[in-house]
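Just so you know, all these numbers are worked out from the coordinates, no wet-lab data involved. In this text, all values refer to a predicted model and were calculated from it rather than measured experimentally. Cβ sites come from the backbone with ideal geometry, for glycine too, and all protein chains shown count toward neighbours.
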Amino acid sequence: MKKLTLVVSFILINLTLGWSCTNFLFTKGATTDGSTMITYAADSHVLYGELYFLPAMDHKPGEMRKIYEWDTGKYLGEIPEVPHTYSVVGNMNEFQVAIGETTYGGREELLHQPTAIIDYGSMMYIALQRAKTAREAIKVMTDLVAKYGYYSEGESISVADPNEVWIFEIIGKGKDNKGAVWVARRIPDGYICGHANQARITTFPFQKVNKWDDPNATCFNAPDVISFAREKKYFDGKDKDFSFSDTYAPLNFGGARFCEARVWAMFRRVNSHMEQYKNYAMGFDLKNRMPLWIKPDKKVSVHDVMNLMRDHFEGTDMDMSKDIGAGPYHCPYRWRGLTWDVDSTTYFNERATSTQQTGFSFVAQMRSWLPSPIGGIFWFGVDDTYSTVYTPIYSAIKAVPKTYAKGNGALDKWSDNSAFWVFNQVSNWAYTRYDVMIPIIRAKQQMLEESYIATIPLVDTTAQKFMKENPDKAVDYLTMYSCNNADNLVYTWKDFYHFLFMKFMDGNIKKTEGEHFIENGEGKGILVGPDQPGYGEEWYRRIIKDTGKKFIYH
């Protein structure tokens with residue numbers, strides 16, 4: 001019971017601090033065009049959204065790489081470099097390998113080996129620089145932590161390439177042991193998966209020896225993943241009944257309601273049979289555990305996947321726009337903490353996929369029918385997934401857009417042309433009058449994303465023509481396209497913020513046609529009178545219920 005209490009405490013602390021992310025995974029057979037896709041929302045109240053870039057490099061013998069913990073910047077140590085590292089933009093490399101993560105924490109006594117060098121962030125980005133396939137990336141990551149120790153808490157990690165999609169879960173072995181225990185499972189073709197801060201792999205086909213070179217292999221695991229659990233007295237059953245999640249990150253109310261609920265919300269939007277797990281997602285029936293992966297009723301497009309990242313539990317009993325916390329304008333956001341106390345009773349807020357503290361998010365799309373420099377598209381956005389716009393970034397580019405580049409602004413440094421600050425201006429303004437502003441924002445968002453998606457075939461074709469002449473020419477073209485499109489989006493969104501601010505200033509709603517304000521027709525530049533909708537009858541009734549006769553007009 002003590003260990004379970006520690007797990008609950010860790011999950012609550014972890015989510016309250018904001019290190020709580022969401023990943024969805026899509027295999028080739030589950031998508032309309034046969035691409036593989038993974039998504040990632042990197043959520044934190046102290047994460048500044050920017051587009052990371054690591055160019056390909058050659059390294060001299062004996063050259064070392066310094067390791068800094070991704071979350072804190074703490075120096076952990078150094079490891080030898082390899083002769084050549086691949087280019088990485090965001091969380092995707094030049095060979096269309098993409099990686100995302102969510103932190104689940106797990107048993108507290110297994111966290112943070114004091115002498116370890118490899119944290120989860122370094123593990124991911126080193127793998128991207130060294131792997132050409134998803135299974136290579138998993139091997140790089142597991143070899144690193146075995147040799148240098150694992151510094152972080154429990155992680156669920158999405159790993160994908162143009163042909164395979166894997167879920168990989170790992171946790172350390174505590175201060176007295178080196179390395180980690182882990183399991184990786186390949187998602188069956190035609191299926192989709194997800195994870196959101198709760199370990200999800202239960203039973204699995206244990207491998208005494210991992211067959212990394214076997215193309216038919218669908219599971220890899222640490223050789224001591226079960227024996228270590230026996231040694232720690234976590235498990236004493238038969239090997240076939242061993243569950244990674246139930247052993248190393250036991251499920252509880254918080255794990256279901258704050259974490260699994262996000263996966264369920266996505267699953268139910270693509271599969272009509274998921275209502276049977278509603279009580280599980282709400283934390284009331286933990287024995288009726290949701291499957292690790294499901295088959296969608298119909299195949300999903302890249303735009304479908306973008307929109308699956310936009311969710312506040314609409315249409316469910318957890319809909320965040322329906323209770324009094326949403327205010328008069330039905331705003332589906334709650335300021336943190338995640339839990340709160342009144343009269344010695346603890347209450348909680350829902351934790352949806354779309355949240356205000358997202359630093360950045362992406363949809364990584366890998367296309368096997370194209371050469372790698374053209375096939376990988378890293379659809380990237382900053383801030384809240386519900387109001388961001390995903391811009392296409394080809395994965396082999398040589399530079400990143402200035403408006404998204406590292407160093408253009410920070411959480412304590414304003415930049416007028418920073419994508420992060422521009423998109424935050426729009427979303428935070430929308431939170432003040434949500435129900436009237438968000439339809440306008442979503443319409444523009446959808447129009448822009450649809451236009452980008454429609455343009456991609458022409459960009460692909462042009463790049464293929466350049467590729468036949470000179471591969472470098474193709475990459476230069478893709479770099480130019482990616483940077484220009486992303487920068488223009490930020491300038492467009494900046495103008496859009498100015499429009500929204502003027503239209504909704506002072507509680508009024510100025511009349512417009514499109515994004516043009518309507519004048520009174522006298523030729524003097526004077527606008528027609530604005531609408532003044534007030535709060536709506538439902539909210540006025542709540543005021544009356546709370547104040548009685550205080551505001552009756554006599």
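Could you compute the FRET efficiency for Tyr75 and His498, with r as their C-beta to C-beta distance and R0 at 56 Å, rounded to 0.05?
It comes to 0.85.
What is the sum of charges, Lys and Arg at +1 and Asp and Glu at -1, for the other residues whose Cβ falls under 12 Å from the Cβ of Ser272?
Computed value for this residue: +2.
Once R0 is set to 22 Å, what does the formula 1/(1 + (r/R0)^6) return for the Cβ-Cβ distance between Thr32 and Thr455, expressed as a FRET efficiency to the nearest 0.05?
Efficiency at R0 = 22 Å is approximately 0.80.
Which ³J(HN,Hα) values, rounded to whole Hz and listed in residue order, are derived for the range 56-69 from phi using the Karplus coefficients 6.51, -1.76 and 1.60 in 6.51 cos²θ - 1.76 cosθ + 1.60 with θ = phi - 60°, glycine and proline given as x?
4, 8, 9, 10, 6, x, x, 5, 10, 10, 7, 10, 10, 4
Would you list Met37, Met92 from fewest to most Cβ contacts within 10 Å?
Going from least to most buried by this count: Met92, Met37.
Helix-only mean residue ellipticity at 222 nm, the chain, DSSP H runs n ≥ 4 weighted -39,500 (n - 2.57), per residue, nearest 500. What is it?
Using -39500 (n - 2.57) per qualifying helix, the result is -9500 deg cm²/dmol.
Along the range 261-267, what does the Karplus equation 6.51 cos²θ - 1.76 cosθ + 1.60 (θ = phi - 60°) give for ³J(HN,Hα), rounded to whole Hz, x for Gly and Pro?
4, 5, 5, 4, 4, 6, 4
Within 10 Å, count the other beta carbons around each residue, average over each peptide in 221-230, 255-264, 365-374, and list them highest first.
255-264, 365-374, 221-230
Ratio of Rg to Rh for the range 506-554, alpha carbon only, Kirkwood?
1.23
Which order do peptides 93-104, 337-348, 288-299 fall in by mean Cβ count within 10 Å, highest first?
Top of the packing list down: 93-104, 288-299, 337-348.
Would you kindly state how much longer the chain becomes between Glu63 and Ser368 on full extension, computed as 0.36 nm times their sequence separation minus their alpha carbon distance, in nm to one decimal?
Extra length available between Glu63 and Ser368 comes to 106.4 nm.
Starting with the highest mean, order 199-210, 471-482, 121-132, 518-529 by the number of other Cβ atoms within 10 Å, averaged over the residues of each peptide.
With the highest mean Cβ count within 10 Å placed first, the list reads 121-132, 471-482, 199-210, 518-529.
Evaluate the distance, in nm, between pseudo-label points positioned 7 Å from the Cα of Asp189 and of Asn488 along their respective Cα→Cβ axes.
3.8
Between the range 129-145 and the range 314-361, how far is it from one alpha carbon centroid to the other, in angstrom?
37
Could you tell me the distance between the Cα centroids of the range 27-84 and the range 206-263, to the nearest Å?
Comparing the Cα centres of the range 27-84 and the range 206-263, I get a distance of 25 Å.
Based on alpha-carbon centroids, what's the gap between the range 430-474 and the range 487-548 in Å, whole number please?
Comparing the Cα centres of the range 430-474 and the range 487-548, I get a distance of 28 Å.
Under the rule of at least 5 residues apart or a separate chain, name every residue whose amide H is placed under 5 Å from the amide H of Tyr394.
Counting only residues 5 or more places away or on other chains, the set is Phe378, Ser482.
From the convex hull of the Cα coordinates of the range 329-383, what is the mean projected area in square nanometres?
Averaging across all directions leaves 6.3 nm² for the Cα convex hull.
Would you mind getting the Kirkwood hydrodynamic radius of the range 2-319 from its Cα pairs, rounded to one decimal in Å?
By the Kirkwood definition, the hydrodynamic radius is 19.8 Å.
Would you please give the FRET efficiency between Asn520 and Asp297, computed as 1/(1 + (r/R0)^6) with r the Cβ-Cβ distance and R0 = 41 Å, to the nearest 0.05?
0.20
At 7 Å along the Cα-to-beta-carbon direction for both His112 and Arg336, put a label point, then send me their distance in nm to one decimal.
1.7
How many percent of the alpha carbon pairs in the chain exceed a separation of 46 Å?
Considering the chain, 15 percent of its Cα-Cα pairs are separated by more than 46 Å.
Return, for the Cα atoms of the range 57-143, the radius of gyration and Dmax in Å, separated by a comma.
Considering the range 57-143 through its Cα atoms, Rg and Dmax are 13.6, 40 Å.
For a quick check: with amide H placed at 1.01 Å from N, whose amide H comes under 5 Å from Leu76's, ignoring anything fewer than 5 positions away on the same chain?
The list, which skips near neighbours in sequence, is Ile67, Tyr68, Glu69.
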